[in-house]
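To start, the structure itself, in structure tokens.
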Amino acid sequence: MAQIIDGKVISQIIKNELRLQVQDLQSKGKKCTLVVIQVGNDPASSVYVANKKKACEYIGISSRSYELPEETPEQQLLELIDELNNDAGVHGILCQLPLPKHINEKRVINRISPQKDVDGFHPQNVGALMIGEQGFVSCTPAGIIELLKRSDVEIEGRHCVIIGRSNIVGKPMAMLMLRENATVTVCHSKTKDLQNICRQADILIVAMGKPKYITRDYIKEGAVVIDVGIHRDASNKLCGDVDYKDVEPVCSAITPVPGGVGPMTICMLMKNCIDAMKDYS
């Protein structure tokens, strides 16, 4: 039977560690503040924002939120970001994606100060990751590294196959696995013979956006499978990109959906925010 990599348990351990760090910093008169901006009332975004506020409250990070109307002009949003960039009491700025269609996401991401970009999306932070310098790392890939390490999964020297090349998951994930001395293959929608490539993976990380697409035919016996996907199946139950019931018997370890990668994303956002305050201090 495969080891279940429990993101709920691991994220709680990390949140408890971060909580102690915040308490220590507060005893020295240092306060950490995260600002979350949401434009519009997308239901999924509202849930994510609420979860971030809840995590801040638990860890002891002060959170401020700006819930702007759907029709907010782009220039008004950019001016708000400028104001927050110049506010010494703000350590992390997060603009919840997706944004309404009339707002240019790239322009908004680039406007956030790299020193306060706790999502790790700013080109300066992405470039720092590429060349091995210090910077904020996209939260989902950073969380996956923590899941692997804290589950005693050996990374160095192993073949990691990543399905997906997005700027938020696939590309930074590849860089982090290279940093950990894995041999990395990145697959995408134009990859030929995907099944054969996946069957070579010691560690398979799936972020392709297709519900239950990966079956046991894609898995090498004993591989570690990390499922980044999140969907609703025909029964309206949450599922991932991996067909969990089909794959679980043949792999050595696997993340469930829900309760795998998801909880780690917010957890690593909290870590980035605390690190931002330490750097600022």
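The values are calculated or read from the model by the stated rules, or taken from the named source; none is laboratory data. Computed from a prediction, not measured in an experiment: that's the story for all the values here. Cβ placement follows ideal geometry from the backbone for every residue including glycine, while neighbour counts extend to all protein chains displayed.
Worth a mention:
- With respect to the conditions (1) closer than 16 Å to residue 44 by Cβ; (2) more than 20 Å from the chain's Cα centre (by Cα), residue 215 falls short on a single one, namely (1).
- Scanning segment 1-24 for residues that are in contact with a helix residue (DSSP H, G or I) (Cβ under 7 Å, 6 or more places away or on another chain) and of a type in the set (A, V, I, L, M) yields 5, 10, 14, 18, 22.
- Verdict on residue 76 being touching a strand residue (DSSP E or B) at 6+ places or on another chain (Cβ under 9 Å) and surrounded by fewer than 16 Cβ atoms within 10 Å (Cβ to Cβ): yes
- When residue 236 is tested against the conditions (1) modelled with pLDDT under 95; (2) touching a Leu at 6+ places or on another chain (Cβ under 8 Å), the lone failure is (2).
- In the set 197, 226, only one residue is in the same structural domain as residue 159 (by TED's automatic domain parsing), within 14 Å of residue 173 (Cβ to Cβ) and not in a loop (DSSP other than H, G, I, E, B); that residue is 226.
- Scope segment 13-44; condition buried (at least 17 other Cβ atoms within 10 Å of the Cβ) and closer than 30 Å to residue 76 by Cα; matching residues: 32, 33, 34, 35, 36, 37, 38, 39, 40, 42
- A single entry from 132, 164, 89, 127 fulfils the requirement of being out of contact with any Cys (no Cβ under 7 Å at 6 or more places or on another chain), small (Gly, Ala, Ser) and in contact (Cβ under 8 Å) with a residue 60 or more places away in the chain: 164.
- Scanning segment 45-73 for residues that are part of a loop (DSSP other than H, G, I, E, B) and surrounded by 15 or more Cβ atoms within 10 Å (Cβ to Cβ) yields 60, 61, 72.
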